[in-house]
Amino acid sequence: MTSNGEWLEIDGERVVQGLQAAREALDSAHSDVVLDFSAVRRIDPNALRAMEKLAGLADGKAVKVVLRGVNVDIYKVLKLVKLTPRFSFLA
Amino acid sequence: MAEIVASLSEERIAYLEGLVSQARTAAAVFTQYTQEDVDRIVKPMVLAGLEQAQYLARLAIEETRLGVVEDKALKNMVATEFVYNYVKDKRTVGTIREFPERGVVEVAEPIGVIFSLTPITNPTSTVLFKCIMAIKTRNAVIFSPHPSAGHCCYEAVRIMHEAAVKHGAPEGVFTCLESQTLPDNAYLMRHKDVGLIDATGGPGMVKAAYSSGKPALGVGPGNTPVYLEKTADLNMAVVDIITSKTFDNGTICASEQTVVIDDEIYDSVLQKFSDLGAHICNEKETELLGRTVIDPKTGFMQPMAVGQKATDIARMVGLSVKPKTKLLIAPIQGVGREYPLSVEKLFPVLAVYRAKSVNEALTVCVDVNHAGGIGHTAVIFSRNDEVIQKFSELMNAGRIIVNSPGSIGALGGVYNDMVPTFSFGCGTGGGNSTTDNVNVYNYLNIKRVARRTQAHMWFRVPNQIYFNMNAVENLRHFPSRSTVIITNPAMEQIGHVDTVRRHIPPETLVHVSVIPDAEPEVKVVMQGVEALNFYKADQIIALGGGSVIDAAKIMKLKYESPEADLEELAAPFLDLRKRVVQYPTEKVTQARLIAISTTSGTGSEVTPFAVLTNKQQGRKVTLADYSLSPDVAIVDPQFVMSMPKGLTADTGVDCLTHALEAGVSIFASPYTDSNAMQAIRMVFKFLPIAYEHPGDEEARTMMHNAACIAAIAFSNASVGVNHALAHAFGARFGVAHGRANALMLPHVIAFNAGVPTKFMPSPNQRGYIAHKKYAMVADLLGLGGKTIEEKVENLVAATEQLLDRLAIPRSIAELGISKEEFERAMPELVKIAFDDPSWRSNPRMPLLSELAELFWSAYRGRSLPTMAKASQPQTAEEWSCV
């Protein structure tokens, strides 16, 4: 994963770790945090739980988390667990 | 149920929510998996289940104290190996089935979270079965085992979960309630994130599942009747019944409960049972058994007996039996509360009944089936297919097992090719939503992707059409013993009948039947049929205008098929191919119909239509079927040279209406378009000439051909709302058909060219194209105009000019019909026009109010309806076209 300020690229093979880094980035974030999911093909239950945590943390800090490049299969997973309203999405 | 849920502590709710959350997450993640992914997981799960089959069986026996360890191990193996054998090649992800010829594809959608209740009788096998089904279909399951089988089920879930996750399934895909309670079940059954309840258990639990408001698969109780009929292979039957009824000590709910045996074989069958280790109870033993193993208060079996060995039950009751007794057989004399053993007994006690006849045997089976076993299972042993069929029709059972053991037979895949299952749907009779052997397809939402299909169309015309001057000479080609000419008085007067007679082969007996010069009525038709019967006609020649030819068509129909009900055949329909009423195909006799038209308009000589008038009701009905089409059409202009001017005008406009309506019909095709367009061109060019110069042979010939060509078009594309209006109006006010059409025509063109209030469903067309078709006509006629709207306006104007040139009244008012009279008639006119099948092929669906508006526009005349002026919202390019 490479970090560019509040723009984080999520490694498709290490999604949970990427989201952990994103949680840390929230501490210093003042506005939006953009997570680039372009390299993520699939997420597992651990990643999903990490995203739930991230959403909770972002809500508490009033920081908007923007997910970029989310493939539609992952988008449907987020939809099923009702996480989509808690993120913004960027094509 | 709300009260039960309210009794849950906060901690317990948090625990249950945790289970749901875990399952929901797993189910969501699972949606990303491919077919290959799930198939990769299923196989090692099955192997794990097989490896642990005996271990799980022992656990189940230790915990529940029901059944037989060997049989439980066997059940675990069937639940894994046999189920795998069934599901392994099944597609359950993405496209699961394709029906290319129908353009339909079925696509699987997982359910998500399934809440599954499992029974005490088949605890581990049911868990193994459901786990395999769930993985195969990408669902997560929360298991709630029977409280007395919690540990063995928990262990089965653990084994399945471990194997599944190890091979890639999402963590948490299976969870299992520890020490479940009724409130737990109630809470989970109503949970918003649970998509389906799969309840395999007692009736109370199944009822609770269905009462929860969630989609549910339930299993009803059984009470399997068995008919052992005299033609059966008795040795096989007795072994099968013992095998089944003693399997796992009778705990499978599909096992045999009462065997109804034909009188002739009864003693021999009981002897065979006895020889193979069954104890036949005497009357006293039966009474004692019934009193002990069936609760006299409820009428249901005593739980203490469930799944116990025959010898243990005998001991319980105090019967003296041999040590190796497998089964207790109790003769009963009826079904119901007076005969306690006639109910379900999930232990090795079998009731038997001696039947004096097939009817009595079947009656008792019906009674057993209805004594708590509706929808479940029934068994018959017989070699008589008729008896098997009758039994199948009488039994309300999801599974009717023939010549095989009930319990193992119902499980599927062993004795027959039914779907292997551990969950028997019992249909509505059993309070269930399905009669299926519950399987993977019950764990899926199956989506149908239906692609647009193009309906098959047709182009049908009479076999032979002879046209141009003196075409009537071709009559000599048609041999006949007895020919009846149907015609009207004018044809005789003018000499046309003689002309026709001259060309009929001399050996033919010719008879002439003259009918009134008016649209045919039933009475006239039946008089004609009498003549046909009297002369035993094998050929009918219809010589006249549309009315005569229509009459001859209906006469032929009634002559060939006297039972044909004309009123019924005129029943409304939407699509000719799907109509409810079919024309008769069986004929008592047959006659060739040759139609010689003496007007240039209706085209009845080639159409499959006939209009019948009911003067008493003031209405016309249209009969439509290709069997009405004449066999031969003769389009000879010599018969129209003397047509009066008014008739030339009216019939000519009728022909134009046919062509224009066929052109914009939703059934128009390139085949009909070519005919419609050619006919329109010929009418605009030659009708004024034929009208103004009646002796012009070329104009007469072209108009006669135009009428036939237009009729070929509308025979295949049908007509439209213009005809519906004209039929209603013409019948009500006695106005000739062609003239009635003419009064409506400009208004209908404008109406169809406007943006429809309601589009007519037309799968064969891409978008709305009527206005473009009219514009094409305008171009064909060289009317000018730059936009579609201009071209349509020019076509309307050209039509009006043509009508003016033909001196056709341009409004209904001009006919002398008062506004008040017309207003009074309006409700009936609208009703009849709407019932008329003609508009079913119109491009624009007319609302009732629009029909009224069209009538009023025609009444007023020149001023076109405002709705027709609706702007054309798109350019030609934006509209798709055929």
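Assorted remarks:
- Pick from region B:686-718, criterion under 49 Å from the mean Cα position of the chain (by Cα) and closer than 22 Å to B:Gly782 by Cβ, ranking: surrounded by the fewest Cβ atoms within 10 Å (Cβ to Cβ): B:Asn705
- Residue, farthest from B:Thr251 (Cα to Cα), within region B:90-131, restricted to residues that are assigned to a strand (DSSP E or B) and of a type in the set (Ser, Thr, Tyr): B:Thr95
- The helices (runs of 4 or more DSSP H) located wholly in region B:660-779 that include 1 or more residues which are more than 30 Å from B:Phe822 (Cβ to Cβ) and of a type outside the set (Phe, Trp, Tyr) occupy B:670-692, B:697-717.
- Selection over region B:803-857 of residues that are of a type in the set (Val, Ile, Thr) and within 30 Å of B:Ser669 (Cβ to Cβ) gives a count of 1.
- Applying the criterion of being β-branched (Val, Ile, Thr) and within 27 Å of B:Leu74 (Cβ to Cβ) to the residues of region B:23-43, the residue that is farthest from the other protein chains (Cβ to nearest Cβ) is B:Val42.
- Members of region B:7-22 that are assigned to a helix (DSSP H, G or I) and either more than 10 Å from chain A (Cβ to nearest Cβ) or surrounded by fewer than 20 Cβ atoms within 10 Å (Cβ to Cβ) (or both): B:Glu10, B:Glu11, B:Arg12, B:Ile13, B:Ala14, B:Tyr15, B:Leu16, B:Glu17, B:Gly18, B:Leu19, B:Val20, B:Ser21
- Residue match in region B:266-277 (condition: at pLDDT 95 or above, more than 30 Å from B:Pro123 (Cα to Cα), crowded, with 23+ Cβ neighbours inside 10 Å and not aromatic (Phe, Trp, Tyr)): yes
- Of the candidates A:Val81, A:Val63, A:Val70, A:Val15, the single residue that is farther than 24 Å from B:Leu19 by Cβ and touching a Leu at 6+ places or on another chain (Cβ under 7 Å) is A:Val63.
- Screening the candidates B:Ala79, B:Ala108 for the property of being in the same structural domain as B:Ser21 (by TED's automatic domain parsing) and in contact with a Phe, Trp or Tyr (Cβ under 6 Å, 6 or more places away or on another chain) yields one hit, B:Ala79.
- Criterion (at pLDDT below 95, over 18 Å from B:Met457 (Cβ atoms) and of a type outside the set (S, T, N, Q)) met by exactly one of B:His737, B:His771, B:His747: B:His737
Condition check ((1) touching a residue at least 60 places away in the same chain (Cβ under 8 Å); (2) in the same structural domain as B:Ala134 (by TED's automatic domain parsing); (3) surrounded by 18 or more Cβ atoms within 10 Å (Cβ to Cβ)) across all residues:
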{"residue": "B:His376", "(1), (2), (3)": "yes, no, yes"}
{"residue": "B:Asn384", "(1), (2), (3)": "yes, no, no"}
{"residue": "B:Phe391", "(1), (2), (3)": "yes, no, yes"}
{"residue": "B:Asn396", "(1), (2), (3)": "no, no, yes"}
{"residue": "B:Ile408", "(1), (2), (3)": "yes, no, yes"}
{"residue": "B:Cys426", "(1), (2), (3)": "yes, no, yes"}
{"residue": "B:Gly431", "(1), (2), (3)": "yes, no, yes"}
{"residue": "B:Asn442", "(1), (2), (3)": "yes, no, yes"}
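- From the list B:Arg805, B:Arg766, B:Arg844, the lone residue that is of a type in the set (Lys, Arg), surrounded by 15 or more Cβ atoms within 10 Å (Cβ to Cβ) and in contact (Cβ under 8 Å) with a residue 60 or more places away in the chain is B:Arg844.
- Restricting attention to region B:173-192 and to residues that are buried (at least 24 other Cβ atoms within 10 Å of the Cβ) and within 14 Å of chain A (Cβ to nearest Cβ), the residue that is farthest from B:Arg158 (Cα to Cα) turns out to be B:Val173.
- Qualifying residue in region B:44-57 (condition: β-branched (Val, Ile, Thr), away from every other protein chain (no Cβ under 14 Å) and either under 40 Å from the mean Cα position of the chain (by Cα) or under 25 Å from B:Val93 (Cβ atoms) (or both)): yes
- Contact map, region A:64-83: residues that are at the interface with chain B (Cβ under 9 Å from one of its Cβ atoms) and under 21 Å from A:Glu6 (Cβ atoms) paired with residues that are among the hydroxyl-bearing types (Ser, Thr, Tyr) and outside any loop (DSSP other than H, G, I, E, B), Cβ distance under 9 Å, separation 6+ or inter-chain. Pairs shown: A:Leu78/A:Thr84.
For (1) in contact (Cβ under 8 Å) with a residue 24 or more places away in the chain; (2) out of contact with any helix residue (DSSP H, G or I) (no Cβ under 6 Å at 6 or more places or on another chain), each residue gets a yes or a no:
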| site | (1), (2) |
| --- | --- |
| B:His658 | yes, no |
| B:Ser669 | yes, yes |
| B:Leu687 | yes, no |
| B:Ala699 | no, no |
| B:Ser715 | yes, yes |
| B:Asn722 | yes, no |
| B:Val748 | yes, no |
| B:Gly754 | yes, no |
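- When the test is whether a residue is surrounded by 21 or more Cβ atoms within 10 Å (Cβ to Cβ) and of a type in the set (Lys, Arg), B:Lys620 passes it.
- A:Val40 being within 14 Å of chain B (Cβ to nearest Cβ) and modelled with pLDDT of 95 or more: yes
- Of all residues in region A:21-37 being surrounded by 15 or more Cβ atoms within 10 Å (Cβ to Cβ) and out of contact with any strand residue (DSSP E or B) (no Cβ under 8 Å at 6 or more places or on another chain), the one that is farthest from the other protein chains (Cβ to nearest Cβ): A:Ala29
- Any hit, region B:75-87, residues being of a type in the set (D, E, K, R), assigned to a helix (DSSP H, G or I) and over 28 Å from B:Leu196 (Cβ atoms): no
The values are calculated or read from the model by the stated rules, or taken from the named source; none is laboratory data. Just so it is clear, the model here is predicted, and its values are computed rather than measured. Neighbour counts are summed over all protein chains in view; Cβ atoms, including those assigned to glycine, are modelled from backbone coordinates with ideal geometry.
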